[in-house]
1. Which whole-number percent gives the relative contact order of the chain, counting Cα pairs below 8 Å spaced six or more residues apart?
2. Can you put 31, 46 in order, fewest other beta carbons within 10 Å first?
3. Using the basic label-point model (7 angstrom from Cα toward the beta carbon), what is the residue 279 to residue 227 distance in nanometres?
4. Give me the log10 of I(q) over I(0) for the range 1-105 at q = 0.16, 0.23, 0.24 Å⁻¹, as the Debye formula computes it from C-alpha points; what are the numbers?
5. Rounded to the nearest 0.05, what FRET efficiency is calculated for residue 114 and residue 198 with R0 set to 25 Å and r the Cβ-Cβ distance?
6. Above 37 angstrom, tally the Cα pairs of the chain and express them as a % of all pairs, no decimals.
7. Which of 206, 174 comes first, and how do the rest follow, when ranked by fewest Cβ neighbours within 10 Å?
8. Show me 55-61, 225-231 ranked by packing, highest mean number of other Cβ atoms within 10 Å first.
Ligand code: MG
């Protein structure tokens, strides 16, 4: 059932306020990605990858400004437990952290002595470890990075130890790992695979892994197949439901039975999203040229 800007496919949960409408907050990006919300300052930072810049939306007055340019063709961003920006940089083939004093620390740029491909998306676990995906989109062409040689034998999901800085592969079993997020209890890791971009009939699904105390992953198989386009970035709400990008908007999945519960209908391809606002009940959506948002009757999982 379509109600305004929403499609309701399962009525077990109240995911949307039917009278709410999608806000168009900004236009003028080439490929909007990587939204990260900073509750202390009530602003959102996101990436405009092909334009090699990061933008900042001020939630208090609605203004948008350039946060960083050049930005190493940044892609996915997150905020760590100390409130610092962590960014995947296609152009520099690395993951960085922006410290409280504004200086930039390299978290990872190599594995086994070889350069990473082009880190895509990142999440920080409560133990301080930094998990990121490393597909090839930033080195395939100059469109969203720098065309370059792929040095790693696989597109992996990596984990960087928060204390030692040691980098390890957690899985090399995916074609093009992309978005990733933990369940609220951090016992489950979801990772999307956009391998169809490179392999005919390749994956366009989300995989689920059990996370052991020693960070080892156990593959639990495909969680959901994307029905429109591919799943790119995604986030979870406080109930563990998955709010994921797709080519017709945002799809919401139930974590227990993987039912597609509903959609936020967006008139552009969606690449990523995050919860924001003081109550984490405002969903920021990066949709190609534009930044969108919508107020929800649910709250995002607490990750800071
Ligand atoms: Mg991505």
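1. 17
2. Lowest to highest Cβ neighbour count: 31, 46.
3. It is 2.9 nm.
4. -0.78, -1.16, -1.23
5. Numbers: r = 20 Å, r/R0 = 0.79.
With R0 = 25 Å, the Cβ-Cβ based efficiency is 0.80.
6. The share of Cα pairs beyond 37 Å in the chain comes to 7 percent.
7. 174, 206
8. Numbers: 55-61: 15.7, 225-231: 19.0.
Per-residue mean Cβ counts within 10 Å order the peptides as 225-231, 55-61.
None of the figures in this text is laboratory data; all of them are computed from the coordinates on show. Everything numeric in this text was worked out from a predicted model, so none of it was measured. Backbone-built Cβ (ideal geometry, glycine too); neighbour counts: all protein chains shown.
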